[in-house]
Amino acid sequence: MPLLSFQNVGIRFGSRKVIDHFSAEIEEGEFIGIFGPNGVGKSTLMRAILGLCPIYEGSIQLFGENPGKQNRFIGYLPQSQSLLGTTTLTARALVAAVHHGEKWGVPWLSSKDSYQVERALELSEAKDYADTPFSLLSGGEKKRVMLAQALIDEPKLLILDEPLASLDPKNQMLLVQRIRNIQEETGLTILFIAHDVNPLLGAMSRVMYMAEGNVALGSAQEIITNESLSALYGMNIHVLRAEGRVFIVNAESNVDETTCSHV
């Protein structure tokens, strides 16, 4: 049984069709990079997997059940951290605060729970600044702490929504490598939304690419091609490769900065 299954899924956002007739299966232990232009519905699809966004046709099965039934096995790193920006809580306290997040009240940590907090901080390589107030951390350090939060309850599926946003190339590379190492150590399945495919080229099992209501899932060699992306966008697209990097060009005009920037 696949870990995640989409059967003829359709999702709307208001009157706009976000996804149309999408069917695919994702197996346990895969690292899926998810790409597409801004506003195409990448985060909406993740919300549907979590049971937070309705679908108007088809079905999604996660761990063999409908979305929302098994969320305790999902770790989620959201794109925004604005609510935490001014907190005086330490990194360790923020990680501890989300432990057993499905329960009401202030968490009381047993020795086992405390071990899991330390384990999450260790996996994300955030232990060196675990006692520093979150508001004083750098952008890269904050992302590590948020990654530790997502790992705290030993999930089987990790959903990462634009974790590379606002990071410089070096910190992007370091974070991707850390996440890849975590996957190798734990066997996690990873859904990784990103704006640029290049930092993930050496880490992904497969690519999910979204455009114009269409979704394609396959290897990078299958999906990031002139033919595949042209079919997704409904226009003539060229894929350029130079010095190990990938660029997307709208062949019907000059370089399309919007398209090129996210891949």
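Some values worked out for this structure:
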quantity	calculated
Positions within region 36-48 being outside any loop (DSSP other than H, G, I, E, B) and touching a residue at least 60 places away in the same chain (Cβ under 8 Å), in sequence order	K42, S43, L45, M46
Members of region 131-145 that are surrounded by fewer than 24 Cβ atoms within 10 Å (Cβ to Cβ) and either at positive phi or of a type outside the set (F, W, Y) (or both)	D131, T132, P133, S135, L136, L137, S138, G139, G140, E141, K142
Selection status of L52, touching a Ser or Thr at 6+ places or on another chain (Cβ under 8 Å), modelled with pLDDT of 90 or more and within 27 Å of G187 (Cβ to Cβ)	no
Scope region 1-31; condition crowded, with 20+ Cβ neighbours inside 10 Å, at pLDDT 90 or above and either touching a Phe, Trp or Tyr at 6+ places or on another chain (Cβ under 6 Å) or of a type in the set (V, I, T) (or both); matching residues	F6, V9, I11, I19, F22, I26
Members of region 108-130 found to be in a helix (DSSP H, G or I), modelled with pLDDT of 90 or more and open to solvent by less than 90 Å² (accessible area, probe 1.4 Å), listed by number	Q116, V117, E118, R119, A120, L121, L123, Y129
Region 11-53, residues that are over 21 Å from I223 (Cβ atoms) and out of contact with any strand residue (DSSP E or B) (no Cβ under 8 Å at 6 or more places or on another chain)	F13, G14, S15, R16, R47, G51, L52
When residues of region 184-195 are limited to those that are surrounded by fewer than 19 Cβ atoms within 10 Å (Cβ to Cβ) and in contact (Cβ under 8 Å) with a residue 12 or more places away in the chain, the one nearest to E30 (Cα to Cα)	G187
Options Q183, Q172, Q221; residue that is in contact with a Pro (Cβ under 6 Å, 6 or more places away or on another chain) and modelled with pLDDT of 90 or more	Q172
Region 146-164, subset open to solvent by 30 Å² or more (accessible area, probe 1.4 Å) and in contact with a helix residue (DSSP H, G or I) (Cβ under 6 Å, 6 or more places away or on another chain), residue farthest from E185 (Cα to Cα)	Q149
Subset of region 224-263 (residues that are polar (S, T, N, Q), surrounded by fewer than 17 Cβ atoms within 10 Å (Cβ to Cβ) and modelled with pLDDT under 90)	S253, N254, T258, S261
Lone qualifier among R144, R119, R180 - being basic (K, R) and closer than 27 Å to A48 by Cβ	R180
Cβ-Cβ under 6 Å pairs, at least 6 apart or on other chains, region 212-241 side in a helix (DSSP H, G or I), far side crowded, with 16+ Cβ neighbours inside 10 Å and aromatic (F, W, Y)	I223/Y209
Single match in G33, G10, G29, G51 (criterion: in contact with a His (Cβ under 9 Å, 6 or more places away or on another chain) and either within 29 Å of F247 (Cα to Cα) or outside any helix (DSSP H, G or I) (or both))	G10
Residue check, L89 in contact with a helix residue (DSSP H, G or I) (Cβ under 7 Å, 6 or more places away or on another chain), modelled with pLDDT of 90 or more and either over 19 Å from R12 (Cα atoms) or open to solvent by less than 50 Å² (accessible area, probe 1.4 Å) (or both)	no
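The values are calculated or read from the model by the stated rules, or taken from the named source; none is laboratory data. Keep in mind it's a predicted model, so treat the numbers as computed, not measured. Here Cβ is always computed from backbone atoms with ideal geometry, including for glycine, and neighbour counts include all displayed protein chains. Surface areas here come from the heavy atoms of the whole protein model, side chains and all, with no ligands, DNA or RNA. Shrake-Rupley method; radii C 1.70, N 1.55, O 1.52, S 1.80 Å.
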